[in-house]
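Visitor: Starting off with a structure, shown below.
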Amino acid sequence: MKNTHLNIDHISMEFPTPDGPYVALQDVDLEMREGEFVSLIGHSGCGKSTVLNVVAGLYKATKGGVVLDAKEVNEPGPERAVVFQNHSLLPWLTAYENVELAVKQVFGRFNSKQRKSKAEMKEWIEHNLHLVHMDHAMHKRPDEISGGMKQRVGIARALAMEPKVLLMDEPFGALDALTRAHMQESLMEIHADLGNTVIMITHDVDEAVLLSDRIVMMTNGPAAGIGEILEIDLPRPRDRVELSGNAKYNHYRHEVLQFLYERQRRPGEEVAAVEQEEKSSPALKVVKTEAA
Amino acid sequence: MKLTRTKTFTDEQYSVFIRTYIFPLIAIALFLGIWGMSASQVQTSLGQLPGPTAVFEQASNLVDEHVAAREKEASFYERQEKRNAEKLVKNPDAEIKVRTYTGKATFFDQILTSLVTVFTGFVMASLIAIPIGIITGLSNDLYRSINPIVQLLKPVSPLAWLPIVTMVVSAVYVSDDPMFDKSYLTSAFTVMLCCMWPTLINTAVGVSTVDKDLINVSKVLRLGWFTKVYKIILPSAVPMIFTGLRLSLSIGWMVLIAAEMLAQNPGLGKFVWDEFQNGSSNSLGRIMVAVIAIGIVGYMLDRGMLMLQKKVSWDKSVVLR
């Protein structure tokens, strides 16, 4: 693929256990364009988070590696900002101060290329909180605001680092359906505005189809890998109500559901299913190469 | 509708009032009753074991003695000033002497001495325990190395430390014009040795159990070591550190009384010891006043720490008691 921005190059991940190494990921390979929105979907324990952590630099892949803009990733850094599942805000700081910590780190240092003055930083912090519609509760602490608002602040903190890649680990997993829909709208707006490259982990099929340019469906672990990649060719901006009647949208949804619930059953659900899975995995690999 | 609501509300307040004030008062009354009855059954060589009334009498005696001593002190200074003024009138170049009052310390002076001593020990303990706790909490290996030593020293009684501390203080603190009494230093160091462990252990645990996600945040932000400790690890460990400090202070207060008794630091411990040696018919009553005072001061110290903890704790959802 031309214009490769982020290259997840054949990564494998083994974790040492007392019973020998546990292979969590086997040969995951994905190339992304700049500004692309990719969702990772799969059953629990299939290694989605491991992929994300490797890209973030929090884990080091046993084999293979990650290349961002022709530079290998070998440690975490603010150009690959992470939005954590449980917001991970510092509970003793206000929303503003949480974002400030990140902004000071990226723009406030003397050796920083994009050094901002104090006033510029303040403006930038407020701008990012405004982007996620948190102006009104800027000076509240995490325990004084709702779950959705905390997640917004988490996103603002990540965006404020001006990351090349935004990594989101089930960002809306803990939210109720209405708040989640609201957050998805905000995220689509922000993505349209800023054009960040995004990798998002999700369990939610609708969310994946609504937001993504591509959906990466992962096979079950151990030795999880990419099962299939689905290109979502729907025009943006997307509207969930309009799309619900769209034949293409429903087709994509169906594809993902079929993958998750027919081809990749939950591990340990049935012995027969697992055996069938193993037989069908070569076929899945073929599909994958086609999609790529 | 409105009427019934107001009524239930007052009913509720009423029952809250009973629960918070009346129940404890009943318990105290019962306690005093049992104490009074059983004390009258015990005859000691110093007379009958004092009941609540005898103790109350001794408490007011101690207050009177304190007031009398203060009056005496005030009049001493008054006389001295008068005398010096007269001297100066007679001869403006006269050499005047100002002497400080050297009366016997009252009960309340002794409480103050005890408080100063316990705080000295407690502050020294905290200054040692918190940094060590942070460093050991940050490294599992260091924690494992230091843990056996801590566990070994933690249960040692102040009475075992005291002779060693006394000898070390006498050997090391040699000065012609000592700023501190040796007894004060000995007591404070003994308090320090006994009360640093809960703070050390709690700080280490607090630091090592910082939420992994927050550590990941610091990695993604590429925070430096110092910023990470200062901005993420310390605030996150503050509740645990304060739990340790509270435990340390109450242990320190308990240890202090024993230390003062043996080191003869002029605090509450010495008061109890002196009264015991004195052996008058009032002694047991006066010792019991000291016991109650020790209890009240200990309680107030704990409440003070709790208030401080509530003030600095960011986690308002935790019920502190």
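Visitor: Students sometimes get this wrong: rank B:181, A:29 by accessible area, probe 1.4 Å, all chains present, largest first. Write out the running numbers ahead of the final one.
Guide: Working: B:181 95, A:29 40 Å².
Sorted descending by solvent-accessible area, the residues read B:181, A:29.
Visitor: Among A:17-27, A:31-41, B:222-232, how do they line up from the highest to the lowest mean number of other beta-carbon atoms within 10 Å?
Guide: On the way: A:17-27: 13.5, A:31-41: 20.5, B:222-232: 16.0.
Going by the mean number of other Cβ atoms within 10 Å, highest first, we get A:31-41, B:222-232, A:17-27.
Visitor: For residue A:168, list long-range residues whose amide hydrogen, built 1.01 Å from N in the peptide plane, is under 5 Å from its own amide hydrogen.
Guide: Correct list: A:83, A:199, A:200, A:201.
Visitor: Which is farthest toward the positive dipole end of the stretch A:102-151 among A:137, A:125, A:110, measuring Cα position about the Cα centre, with Cβ charges +1 (Lys, Arg) and -1 (Asp, Glu)?
Guide: Checked the options; the winner is A:110.
Visitor: Still on this model: If amide hydrogens are placed 1.01 Å from N in the peptide plane, which non-local residues have theirs closer than 5 Å to the one on residue A:228?
Guide: Correct list: A:217.
Visitor: For residue B:225 and residue A:116, what is the calculated FRET efficiency with R₀ set at 30 Å and r taken between the beta-carbons, to the nearest 0.05? Show your work: numbers first, answer last.
Guide: Details: r = 24 Å, r/R0 = 0.81.
Computed FRET efficiency for residue B:225 and residue A:116: 0.80.
Visitor: Taking H placed 1.01 Å from N in the peptide plane, check which residues at least 5 places from residue B:313 or on another chain put their amide H under 5 Å from its amide H.
Guide: Under 5 Å from the amide H of residue B:313 lies no amide H from a residue far enough along the sequence or on another chain.
Visitor: Turning to a different aspect of this structure: So how far apart, in nm, are the two label points at residue A:144 and residue B:38 if each is 7 Å from Cα heading toward Cβ?
Guide: With each label point 7 Å from Cα toward Cβ, the separation is 5.1 nm.
Visitor: Sticking with this one: Mind checking which of A:253, A:152, A:109 has the largest fluctuation in a GNM of chain A, springs on alpha carbons under 10 Å?
Guide: A:109
Visitor: So how far, in whole Å, is the C-alpha centre of the stretch B:52-122 from the one of the stretch B:12-46?
Guide: 37 Å
Visitor: By how many nm would the segment from residue B:21 to residue B:273 lengthen if fully extended, with 0.36 nm per residue of separation less the alpha-carbon distance?
Guide: Values: separation 252, 0.36 × 252 = 90.72 nm, distance 3.57 nm.
This chain segment gains 87.2 nm when fully extended.
Visitor: Which residue, A:105, A:151, A:264, has the most motion in a Gaussian network model of chain A that connects Cα atoms within less than 10 Å?
Guide: Looking only at A:105, A:151, A:264, the largest GNM fluctuation is found for A:105.
Visitor: Still on this structure, please answer the following. Go ahead and estimate [θ] at 222 nm for chain A from helices alone: -39,500 (n - 2.57) per DSSP H run with n ≥ 4, summed, over the residue count, rounded to 500. Please report the intermediate quantities before stating the final value.
Guide: Numbers: 9 runs with 112 residues, N = 292.
That calculation yields -12000 deg cm²/dmol at 222 nm.
Visitor: Rounded to the nearest 5, what % of the DSSP beta bridges within chain A are antiparallel ones?
Guide: Values: 21 of 40 bridges.
Taking every DSSP beta bridge with both residues in chain A, the antiparallel ones total about 50 percent.
Visitor: Using θ = phi - 60° and the Karplus curve 6.51 cos²θ - 1.76 cosθ + 1.60, what whole-Hz ³J(HN,Hα) does each residue of the stretch B:76-90 get, with Gly and Pro shown as x?
Guide: Going residue by residue, I get 4, 5, 4, 4, 4, 5, 4, 4, 5, 4, 4, 4, 5, 5, 5 Hz, with x marking Gly and Pro.
Visitor: Residue by residue through the stretch A:236-244, which ³J(HN,Hα) values in whole Hz follow from phi under the Karplus form 6.51 cos²θ - 1.76 cosθ + 1.60 (θ = phi - 60°), with glycine and proline marked x?
Guide: Result, ordered by residue: 9, x, 9, 10, 4, 6, 4, 5, 4 Hz.
Visitor: Take the Cβ-Cβ distance between residue A:63 and residue B:141 as r, set R0 to 41 Å, and report the resulting FRET efficiency rounded to the nearest 0.05.
Guide: Working: r = 29 Å, r/R0 = 0.71.
In this case the efficiency is close to 0.90.
Visitor: Separate question: List the pairs from B:154/B:270; A:71/B:219; A:48/B:212; A:48/B:219 whose alpha-carbon separation is above 22 Å, in the order I gave them. Intermediate results must be reported in sequence, preceding the final value.
Guide: On the way: B:154/B:270 25 Å; A:71/B:219 19 Å; A:48/B:212 18 Å; A:48/B:219 20 Å.
As for pairs spanning more than 22 Å Cα to Cα, those are B:154/B:270.
Visitor: Also, quick follow-up: Could you please put A:131, B:32 in sequence from largest to smallest accessible area, using a 1.4 Å probe? Kindly include the intermediate steps, with their values, before the conclusion.
Guide: Working: A:131 30, B:32 70 Å².
Highest to lowest solvent-accessible surface, that is B:32, A:131.
Visitor: Compute the distance in nm between two label points, each set 7 Å from the Cα along the Cα-to-Cβ direction, one at residue A:194 and one at residue B:264.
Guide: For the pair residue A:194/residue B:264, the computed spacing is 7.3 nm.
Visitor: Could you report the protein assembly as shown's accessible area per residue, 1.4 Å probe, as an integer in Å²?
Guide: Details: 33440 Å² over 613 residues.
Here the per-residue accessible area is 55 Å².
Visitor: Would you mind checking the stretch A:68-109 for residues with the amide N under 20 Å from a putative spin-label position 7 Å along Cα→C-beta of residue A:127?
Guide: Answer for the stretch A:68-109: A:78-82, A:95-109.
Visitor: Then there's this: Taking 0.36 nm per intervening residue step and subtracting the Cα-Cα distance, what contour gain separates residue B:57 from residue B:281 on full extension?
Guide: Values: separation 224, 0.36 × 224 = 80.64 nm, distance 1.27 nm.
Gain in length upon complete extension: 79.4 nm.
Visitor: Inside 10 Å of the C-beta atoms of B:217-228, what's the mean count of C-beta atoms belonging to other chains?
Guide: Working: counts 11, 4, 7, 20, 13, 9, 3, 2, 0, 0, 3, 0.
Counting Cβ atoms of other protein chains within 10 Å of each residue's Cβ and averaging gives 6.
Visitor: Once whole DSSP H runs in chain A are found, which of them have Cα atoms spread over 27 Å or more along the helix axis and a mean Kyte-Doolittle score of at least -0.5?
Guide: Those that pass (Cα extent of 27 Å or more, hydropathy at least -0.5) are A:271-291.
Visitor: Dividing the convex hull volume of the Cα atoms of the stretch B:1-99 by its residue count, what figure in Å³ per residue is obtained? Before the final figure, lay out each step's value.
Guide: Values: hull volume 20.3 nm³, N = 99.
For the stretch B:1-99, the hull spanned by Cα atoms encloses 205 Å³ per residue.
Visitor: In peptide A:88-99, how many Cβ atoms from other protein chains are near each Cβ within 10 Å, on average?
Guide: On the way: counts 8, 3, 9, 8, 10, 4, 0, 0, 0, 1, 1, 0.
Mean partner shielding for this stretch: 4.
Visitor: Another question, then. If the elastic network links every pair of Cα atoms under 10 Å, which of B:172, B:63, B:16 fluctuates the most in the Gaussian network model of chain B?
Guide: Checking each option, the largest mean-square fluctuation is seen for B:16.
Visitor: Related question: Can you compute the label reach from residue B:80? Point 7 Å from Cα along the Cβ direction, backbone N cut-off under 16 Å, restricted to the stretch B:95-120.
Guide: Within reach of a label on residue B:80: B:95-105.
Visitor: Which GluC sites (Glu not before Pro) in the stretch A:119-200 pass both tests, a DSSP loop state and at most 10 other beta-carbon atoms within 10 Å? Don't jump to the answer; show the numbers that get you there.
Guide: Values: sites: A:120, A:123, A:126, A:144, A:185, A:189; in loops: none.
Answer by residue number: there is no such site.
Visitor: Quick one: what do you get for the stretch B:253-304 if you divide its Cα Rg by 2.2 N^0.38 Å?
Guide: Working: Rg = 11.4 Å, N = 52, 2.2 N^0.38 = 9.9 Å.
Taking N as the residue count of the stretch B:253-304, the ratio is 1.15.
Visitor: Quick one: Cα centre-to-centre distance for the stretch A:119-138 and the stretch B:298-317, in angstrom?
Guide: Spelled out, the Cα-based centre of one part sits 34 Å from the other.
Visitor: To the nearest 10 degrees, how steep is helix B:23-39 against the longest Cα principal axis of chain B, on a 0 to 90 scale?
Guide: On a 0 to 90 degree scale, this one is about 50.
Visitor: Also, quick follow-up: Give the angle, between 0 and 90 degrees and rounded to the nearest 10, that separates the Cα long axis of helix B:182-208 from the longest principal axis of the Cα atoms of chain B.
Guide: In chain B, helix B:182-208 runs at an angle near 20 degrees to the longest axis.
Visitor: Which aspartates and glutamates does residue B:82 reach when only Cα atoms under 18 Å apart count, and residues fewer than 8 places away in its own chain are ignored?
Guide: Residue B:82 reaches B:71, B:73, B:93, B:95.
Visitor: Relative to the longest principal axis of chain B, what angle (0 to 90°, nearest 10) does the C-alpha long axis of helix B:2-17 take?
Guide: 60 degrees
Visitor: Hey, quick one: spin label on residue A:257, modelled 7 Å out along Cα-Cβ, who in the stretch A:201-227 has an amide N within reach, i.e. under 15 Å?
Guide: Flagged as within label range: A:204-210.
Visitor: Follow-up. Could you work out how far apart the two model spin labels at residue B:123 and residue B:91 are, taking each label as a point 7 Å from the Cα in the direction of the beta carbon, and quote it in nm?
Guide: For residue B:123 paired with residue B:91, the spin-label model returns 4.5 nm.
Visitor: Also, I was wondering about something else. How large is the translational diffusion coefficient of chain B in µm² per second when you combine the Kirkwood radius over alpha carbon pairs with Stokes-Einstein at 4 °C and 1.567 mPa s? Before the final figure, lay out the partial values.
Guide: On the way: Rh = 24.2 Å.
Roughly 54 µm²/s, to the nearest whole number.
Visitor: How large is the helix-only mean residue ellipticity at 222 nm for chain B, computed as the sum of -39500 (n - 2.57) over DSSP H runs with n ≥ 4, divided by its residue count, in deg cm²/dmol to the nearest 500?
Guide: Numbers: 11 runs with 240 residues, N = 321.
Using -39500 (n - 2.57) per qualifying helix, the result is -26000 deg cm²/dmol.
Visitor: Separate question: Would you work out which of B:163, B:175, B:248 lies farthest towards the positive end of the dipole of the stretch B:139-273, given +1 charges on the beta-carbon of Lys and Arg and -1 on that of Asp and Glu, about the Cα centre?
Guide: Farthest towards the positive pole: B:248.
Visitor: Provide Rg and Dmax in Å for the protein assembly as shown, with only Cα atoms included in the calculation.
Guide: Cα only, the protein assembly as shown: 35.5, 119 Å (Rg, Dmax).
Visitor: Continuing with the same structure: Quick one: Debye curve from the alpha-carbon atoms of chain A only, equal weights, vacuum; give me log10 I(q)/I(0) at q = 0.09, 0.10, 0.15 Å⁻¹ to two decimals.
Guide: -0.45, -0.56, -1.21
The values are calculated or read from the model by the stated rules, or taken from the named source; none is laboratory data. Keep in mind that what you see is a predicted model, and the values were worked out from it rather than measured. Cβ atoms come from the backbone with ideal geometry, glycine included; neighbour counts cover every protein chain shown. Just so you know, the surface numbers come from the protein's heavy atoms only, side chains and all, with ligands and any DNA or RNA stripped out. Shrake-Rupley method; radii C 1.70, N 1.55, O 1.52, S 1.80 Å.
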